[in-house]
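We did not get these values from a lab; they are worked out from the coordinates using the rules stated. Everything numeric here is computed off the predicted structure, so don't read it as measured data. Methodologically, a virtual Cβ is constructed for each residue, glycine included, from the backbone with ideal geometry; neighbour enumeration extends over all protein chains shown.
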Amino acid sequence: MQEEVLEMLKKAGGLITDDHFVYTSGKHGSVYINKDALYPHTKFASRIGELFAQKYKDVNIDVVVGPSLGGIILSQWTAFHLSTIKGKEILGVYTEKDQENNQIFSRRGYDKFVKGKNILIVEDLTTTGGSVKKVVETVRNAGGNIVAVCVMVNRNPDGVTADFMQAPFSSLAVLKAKAYDAKDCPLCAKNIPINIKIGHGKKYLEEKEKPKKN
């Protein structure tokens, strides 16, 4: 499973190494998984959903939840394949970020599909795991019973664990990559240019160049 996931990312041009990236978390690193390169290839996206579904085919699941944006695609494909395997309808819904970067259901009313149901949460990548953990909290607050949390690739297996999630947690693949706070980044120290085409490098540099308020 590990090799298949990474091979699909490579074929889609979504696995890049030996560069200087800024991740969603704001941390810096030299390895970037561009999951957005995977999603246009529906065969690959479907297969990832199928791998999630196969992993949990013997678990009682009613609804698959993913955080926007990438988790929307994965939750739909996973629910589709689970429905096919189990011979019954499994719903696929998603959360969205609010202005405080929390993950919420309220804009779509999807919380009504979660209350009292067995939930599988899926996500594409974890570096800090913060976004997925917010989904865990939102699902619990909505009355959902979380049976598992699973990500396509866990980039931080030492820090993103079941203990951190406070829920059963696993991944389809692990690609351990160090991530640094900007002030501690060895790539910055070596003046290696930040990639502004992929990741959040452009936004990071724009914010850095803004004049500081007194």
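Normalise the Debye intensity by I(0) for segment 2-202, one equal point scatterer per Cα, no solvent, then take log10 at q = 0.08, 0.09, 0.15, 0.17 Å⁻¹ and round to two decimals.
Values, matching the q order: -0.26, -0.33, -0.90, -1.13.
Please order Lys27, Lys197 by the number of other Cβ within 10 Å, starting at the fewest.
Lys197, Lys27
Mean residue ellipticity at 222 nm from the helices of the chain, using -39,500 (n - 2.57) per DSSP H segment of n ≥ 4 over the full residue count, to the nearest 500 deg cm²/dmol?
When only DSSP H runs of four or more count, the value is -10000 deg cm²/dmol.
Please identify which residues in segment 72-110 have an amide N closer than 15 Å to a label point set 7 Å out from the Cα of Ser46, following the Cα→Cβ vector.
Taking a point 7 Å out along Cα→Cβ of Ser46, the residues of segment 72-110 whose backbone N falls under 15 Å are 74, 76-85.
Mind giving me the nanometre distance, one decimal, between the label points for Lys11 and Asn60, set 7 Å out from Cα along Cα→Cβ?
Result for the modelled spin labels: 3.7 nm.
Just the number, please: percent antiparallel of the DSSP beta bridges in the chain, rounded to the nearest 5.
Rounded to the nearest five, the antiparallel share is 25 percent.
I'd like the orientation of helix 130-141 relative to the chain: the angle between its Cα long axis and the longest Cα principal axis, in ° from 0 to 90, rounded to 10.
30
Could you pull out every Cys in the chain that lacks a partner Cys with its beta carbon under 4.7 Å away?
If one checks each Cβ against the other cysteines of the chain, Cys150 turn up with nothing under 4.7 Å.
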